[in-house]
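To start, the structure itself, in structure tokens.
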Amino acid sequence: MVSLPQRMRKLQTKLLAIRLGSGAYVLPKDIKRIHMRFAPRIEGGHMGPRKFWHHELVRLKYHNPAVTMTVDRTARPEDAAVMSVHYTSSNPTLSSDSSAAGPAPVASTSTSSTLTETDANTTEDVRTIDMKHRTNSEILDELVRMTKAKIVEATAEEVEELRALEEQRVRGAKDSAKSLEVRARLKREKDLLEQARGEMAGQAA
Amino acid sequence: MAAPRYCPSCLSLASQTTTTLFRASTPRISPFTPPPQSLLQQPNQLRAASQNALKYRRKDVPASQKRKKARSTFLVPDLRNAIQFSLVEAMRYLRASEVGRPPTSSKYELHLRLRTPKNGAVVRNRLRLPHPVKTDLRICVIAPSDSPQGLAAKAAGAVIVGEEEIFLAIKEGRVEFDRCLCHTDSLALLQKANLGRILGPKGLMPSVKTNTVVKDVGASVREMAGASEYRERFGVVRMAIGQLGFSAEEMQRNIRAFVESVKRDMQGISDQTAKDLHEVVLSSTNGPGLSLNGSFSSGEDGGVGARDVSTL
């Protein structure tokens, strides 16, 4: 794959896949860190977190480059798979009404969010999501609900590009099938010739 | 592997094991499947074996076999149609692709595509980047640990310095370093210790030929720890240019140093072969390759600045 148009098409597909898709959300400004901890293998319900890392987290990182996102895969299979979201509330006096304490923790239906205050000077909210035995879309929904993230919609040009790329792919597949037929036919003829030549040479000798 | 064998009578694909039965028999053309024209003509001609017919047989070679004049330079793409990125944009995509990986394990790499003839001299050199990529090279120095040489080595960053204790450790099997240097005065001791059996196959045995027996150990340790080597392969120079944890400014400095060094090398051999820098592509261990347009950051990036890209 050397020609420039092919290279650009493949690149555009990949970049659009990073910009759009499941997980393309802009997080609110007060989130400063997302940390995930799960096991290196999927036994024990760790497939959801792993898929989340490969798909959704990539898009989240693209749209929120300032948020530190780390992954720790040293847990044992039986340990919990936990995502912790760290908020900043830089001014302690404002923390009572700041949106970091945010989406009414009392009314929250999820039983797994905890509120901790670590330091007297900088109150840091850490909320956790339990990821074990959950699919990556469920984890994403939970995160979006918790943080009130805004979805990133595809712009008109991007929709247009996606459509053009898809069309090109379909056309390419058809052309590829046709040329495969032609090549197979030519190859068969060539092989038959070679075989016949070989037999003739064997007979003549 | 032999070309696929076709059954001579029905011209279908036959398996290797059964065709031996048919080898001696003449090919009989089945009336149901008309064989291709070429096959029909040739065996009859050869069977006729008339010298005249052979002499006047058409000799034109099919187009695919005609000798093509090979290109003498590597192809370069026309960059007017290329989508290019500023450094900050490119780093944003690459950081997203590498999210969650340990910051020292994923590396950025730079590919410089050159416009050059195929058989000319190649660019090949070592360079010390302003921000070295692989910094955890463990160097062991064989010199008396209390001599000025030994102390200089420790100051320059050698992990293990010493003589007898190193020999003992190696004999026990504890080889905890990646490179080994030896001071010229300690060479005799090294030979006596007979470590060639253990270090030799690993490529760690200090010797005069590999410039690992030195007088000035401090300078050698520093040079060995920092230098990265690059060479041109098939018209492209590739080198690791940063770790995931580097900031945008550090990357910019590294990229500048590398491109400048390659340009200087190209000028040096320009009298023999004309070389020209054509395209610069930044990539990473798990990310796509993005062609750079030379600018640090573009204005309309949704407000993402160099600082945002520099946080992990």
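Computed from the coordinates by the stated procedures, all read-outs in this text should not be read as laboratory data. Computed from a predicted model, the values in this text were never measured in an experiment. Because the Cβ atoms are built from the backbone with ideal geometry, glycine has one as well, and the counts that use them run over all protein chains shown.
Put in order of Cβ neighbour count within 10 Å, fewest first, the listed residues B:C182, B:C10 become B:C10, B:C182.
With a simple spin-label model that places each label point 7 Å from the Cα along the Cα-to-Cβ direction, the separation between B:A306 and B:V122 comes to 3.5 nm. Charge tally around B:S261: other residues with Cβ under 12 Å, Lys/Arg +1 each, Asp/Glu -1 each, net +3.
Extension gain for the segment A:Q203 to A:H133, taken as residue separation times 0.36 nm less the Cα-Cα distance, is 18.2 nm to one decimal.
So how strong a dipole does the range B:209-312 carry about its Cα centre when Lys and Arg Cβ are +1 and Asp and Glu Cβ are -1, to the nearest 20 debye? Intermediate values should be presented prior to the final figure.
On the way: 12 positive and 14 negative charges, 93 e Å.
With Lys and Arg at +1 and Asp and Glu at -1, about 440 debye.
Here the label points at A:L165 and A:V2, each 7 Å from Cα along the C-beta direction, are separated by 2.5 nm in the simple model. Pairs exceeding a 22 Å alpha-carbon distance, out of B:K118/B:K275; A:K10/A:K174; B:K134/B:K154; A:K61/A:K150; A:K10/B:K69: A:K10/B:K69. Between the range B:104-156 and the range B:199-249, the C-alpha centres lie 3 angstrom from each other. Maximal additional length on extending the B:R233-B:L189 stretch stands at 11.7 nm, based on 0.36 nm per residue less the C-alpha distance.
Among the GluC sites (Glu not before Pro) in the range A:140-205, those placed in a DSSP loop whose Cβ has at most 12 other Cβ atoms within 10 Å are A:E153. The ranking of B:F85, B:F296 from fewest to most other beta carbons within 10 Å of each one's beta carbon is B:F296, B:F85. Each of the peptides A:45-54, B:112-121, B:67-76 was scored by the mean count of other Cβ atoms within 10 Å over its residues; in descending order, highest first, they stand as A:45-54, B:112-121, B:67-76.
Cross-link reach is defined here as a Cα-Cα straight distance under 26 Å, omitting same-chain residues fewer than 8 places apart; for B:K55 the lysines meeting it are A:K190, B:K66. Residues B:V262, B:V133, A:V26, arranged from fewest to most other Cβ atoms within 10 angstrom of their Cβ, appear as A:V26, B:V133, B:V262. In terms of overall dimensions, the range B:138-275 has a Cα radius of gyration and Dmax of 18.8, 54 angstrom.
For the pair A:T68 and B:R138, label points projected 7 Å from Cα toward Cβ lie 2.8 nm apart.
Would you be so kind as to identify which of B:N194, B:L277, B:A219 lies farthest towards the positive end of the dipole of the range B:171-312, taking Lys and Arg as +1 and Asp and Glu as -1 on Cβ and the Cα centre as origin? Positive-end residue among those listed: B:N194. Distance distribution P(r), the range B:144-184, all Cα-Cα pairs, bin width 5 angstrom from 0: 5, 23, 33, 24, 12, 2 percent.
What's the extension gain from B:H111 to B:D271 if we count 0.36 nm per residue and subtract their Cα-Cα distance? Before the final figure, lay out the partial values.
On the way: separation 160, 0.36 × 160 = 57.60 nm, distance 2.39 nm.
Roughly 55.2 nm would be gained on extension.
Of B:I160, B:F74, B:Q149, which is farthest along the charge dipole of the range B:55-175 in the positive direction, counting Lys and Arg as +1 and Asp and Glu as -1 at C-beta? Final value for the positive-end residue is B:F74. Projecting each Cα onto the charge dipole of the range B:74-149 (Lys/Arg +1, Asp/Glu -1 at the beta carbon, about the Cα centre), which of B:Q84, B:L114, B:N125 comes out farthest on the positive side? Looking along the dipole axis, the top candidate is B:L114.
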